[in-house]
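No lab work stands behind these numbers, since they all come straight from the coordinates. On a predicted model such as this, the values are computed, not experimentally measured, just so you know. Cβ placement follows ideal geometry from the backbone for every residue including glycine, while neighbour counts extend to all protein chains displayed.
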Amino acid sequence: MKTIGIIGGGQLGRMLAMAAARLNFRTVILEPQPDCPAAQVANAQVVAAYDDPEGLDKLARTADLITYEFENVPVAAAERLASARPVFPPPKALEVAQDRLVEKQFINGCGIATARFHAVDSQADLGAALADFDGAGVLKTRRLGYDGKGQRLFRSAADDPSGAFAALGNVPLILESLVPFEREISIIAARGLDGATACFDPADNVHRNGILYTSTVPASVAAPTAEAARRAATAILEALGYVGVIGVEFFVLADGSVVVNEIAPRVHNSGHWTEAACVVSQFEQHVRAIAGLPLGDPSRHSDCAMQNLIGDEIAELPNLLAAPNVLVHLYGKAEARPGRKMGHFTRLL
């Protein structure tokens, strides 16, 4: 029985471990927090930092192949592991996704549209970039931001940018132009070891306070828009030589064209609906891809809506469990805090 190593012990690692068990794989988690959500359902845990050489070497000795559940795994750690064991998705995907400037340049290099952008390495750079965008844009840290963290929005030239560079830590930033989008969608796509690709249906996404709140399928987009999103996701997979599942987020413009917002080289929150509405979920698809198994059919058997349970919303659990056609998935987190994802549910429509 082969063992899959998973870097990261959060809910995505937990769901990957559950899917792996169904296909007769053992799993070992590398995560500094003991009794993390993923370790609760895995076969073993290496309690170590993500860049700890001894921990990484132990993971390599224990696992036959290695994957990860979040995109901020140190690239050097992934490369160290790759010298001993297959690592999927490839470390190159981490390099691209970890820096928003590099990511935008890579996506444009694939012939795919993004928001316009400027690198911002000083307060003076910010002033020049805002002038080019008529005072409007989203200022983001180039690295480590997630769920709306590490960002500042400028709506117009009336917004004072003074001190913004320092307020975000005096670190490399990127200013992205505002995109006049009508909706946000995402595609969950996969590429296998043999180069085969498969795309799940696009989902309509709604965010609250920078955190994904709901994903609804089918998305309210025309067939050409959905196909354009699939083509873009597939082109990104091919350009990266990717193996595994990827999440690609898009803005949909008024004319139906799509603009890539960002990529996530892992299973993705907006793909959780697949465990309720598809025979093969995104988590099983990822395990199949990295293990060299045939990719599953990504078609859905039901329309559905997935909603995250954030913070105190976990108190709705009794009502959700009593509702028909609702799949509930909890993450093994003991304490509910504002902004913390405690679980999700998917309602078949």
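Quick notes on this structure:
- Our estimate of slack between ILE211 and ASN24, defined as 0.36 nm per intervening residue step minus the Cα-Cα distance, is 64.0 nm.
- Listed by chain and number, the aspartates and glutamates whose C-alpha is less than 14 Å from the C-alpha of LYS104, apart from same-chain residues fewer than 8 away, are GLU95, GLU176, GLU249, GLU262.
- For region 235-262 versus region 293-315, the gap between their alpha-carbon centres in whole angstrom: 19 Å
- Helices in the chain, meaning DSSP H runs of at least 4 residues, each add -39500 (n - 2.57). Divided by all residues, the mean residue ellipticity at 222 nm is -8000 deg cm²/dmol.
- Calculated FRET efficiency for the pair ASP255/ASP160, C-beta based, R₀ 41 Å, to 0.05: 0.75
- Largest-first ellipsoid semi-axes for the chain, taking √(5λ) over the Cα gyration tensor eigenvalues, angstrom: 31, 24, 21
- Per residue, the average separation of C-alpha pairs within less than 8 Å and at least 6 apart gives region 116-176 a relative contact order of 50 percent.
- Sequence ranges 199-209, 52-62, ranked by mean other-Cβ count within 10 angstrom, highest first: 199-209, 52-62
- Net charge in the neighbourhood of SER156 (other residues with Cβ under 15 Å of its Cβ; Lys, Arg +1, Asp, Glu -1) is -2.
- Length-normalised contact order of the chain in % [C-alpha pairs under 8 Å, at least 6 apart]: 14 percent
- Listing ARG231, ARG80, ARG191 from fewest to most neighbouring C-beta atoms within 10 Å gives ARG231, ARG80, ARG191.
- Taking every C-alpha pair closer than 8 Å and separated by at least 6 residues, the mean separation divided by the residue count of region 1-88 gives a relative contact order of 32 percent.
- Estimated at 0.36 nm per residue, the fully extended path between ALA124 and ASN325 surpasses their Cα-Cα distance by 66.9 nm.
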